[in-house]
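Scroll down for the structure; my scribbles are underneath it.
Please treat every number below as a calculation from the coordinates, not as lab data. Computed from a predicted model, the values in this text were never measured in an experiment. Counting neighbours? That spans all protein chains shown, and the Cβs are built from the backbone with ideal geometry, glycine included.
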Amino acid sequence: MNIWILLKFAKRWLAKRQHRHYLVGTHRITLPPGHRLDEYQQAFLNYDRKLPVIARLVDSKYSGMVTLDIGANIGDSAVAIRSTVSGPILCVEGNSAFLPYLHANLLPLPGINRVIPTFIRPSGADDVDFEVLTTGGTAHLMPRRMAMREHRTSRMTTVQEILEKNADLGPVKLLKTDTDGFDFAILLGALDSLALDMPILFFEFDPLIGNSNPSDAVAAVEGLGGIGYRSVVVYDNYGNYLMGSDLTRALAQDLVANVMQRHRAGGGAVYFDFCCFSIADADIFQALVQYEREGIRAS
């Protein structure tokens, strides 16, 4: 192999093992070693870029709205949102490996940006002790018996507690959750709290990751429908628009089947992202669908 090609690969390898600076929206953030946001966004132009669009549409109706970011990681989603809206952002992250980067990346931002250094306790896990497994730019909570004891975590809270402690900011109108395996359990445990203000929801629909399973995926969609969520915009895991649809059990079952067939046979989306809307926010749903369809026609 040509020596210059070897040097090029070596340079890339070393770069991935160092802190890197990367522009997200209008702000520069620091990526920890192994975090691949920059790689993914260079390879897939829509990857992790739809949340700011959604935030702008929500803020156009609910000016100064509060955003709750569960699984804030290093703050890349919060920074992207801050590039488009000025309302308060609550960042929930319990992983000590990510917290220094989260604080540092939020520090230069304008507006109210609160860090809540804890994990959300999943529904049905009141008596379970969890531990954290961190790999590169992602982390997973696991029942203690499945992981090493030195990674044990006791920092747990609920969506209701977070909303109560930050009620001075006003109602949350945009809630994003990306917890690599607990999104369905978190949503199911927060249904009563969500029913109060019916925020727009953005979450990862992956029935196979971590502690998720197909039945929880369907149950979460049914639970959201039961409190008044009626429509959903679906993206694939690369951030590409798939559809605007009614939020139904049948849709959840179809997408679960899609993910499972991909897992067994290859090809297709690894998971999906859901953006869910209540009846009261059908106008934002329609605006987002129109935005995506016009973008397709313009491309």
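Over all pairs of distinct alpha carbons, what does the Kirkwood formula give as the hydrodynamic radius of segment 64-122, in Å? It would help to have the intermediate numbers written out before the result.
On the way: mean 1/r = 0.0893 Å⁻¹.
Radius from the Kirkwood sum: 11.2 Å.
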- line: When all Cα-Cα pair distances of segment 16-55 are considered, the percent exceeding 14 Å is 50
query: For labels at ASN213 and SER60 in the simple 7 Å Cα→Cβ model, what's the distance in nm?
result: 4.2
statement: So for R0 = 25 Å, FRET eff. of THR30-THR84 from the Cβ-Cβ r, to 0.05, ends up at 0.75
Stretchable slack from ILE279 to GLN18, in nm (0.36 nm times residue separation minus alpha-carbon distance): 89.3 nm
query: When N counts the residues of segment 147-231, how does its alpha-carbon radius of gyration compare numerically with 2.2 N^0.38 Å, as a ratio?
result: 1.17
query: In whole Å, what is the distance between the alpha-carbon centres of segment 158-218 and segment 240-276?
result: 19
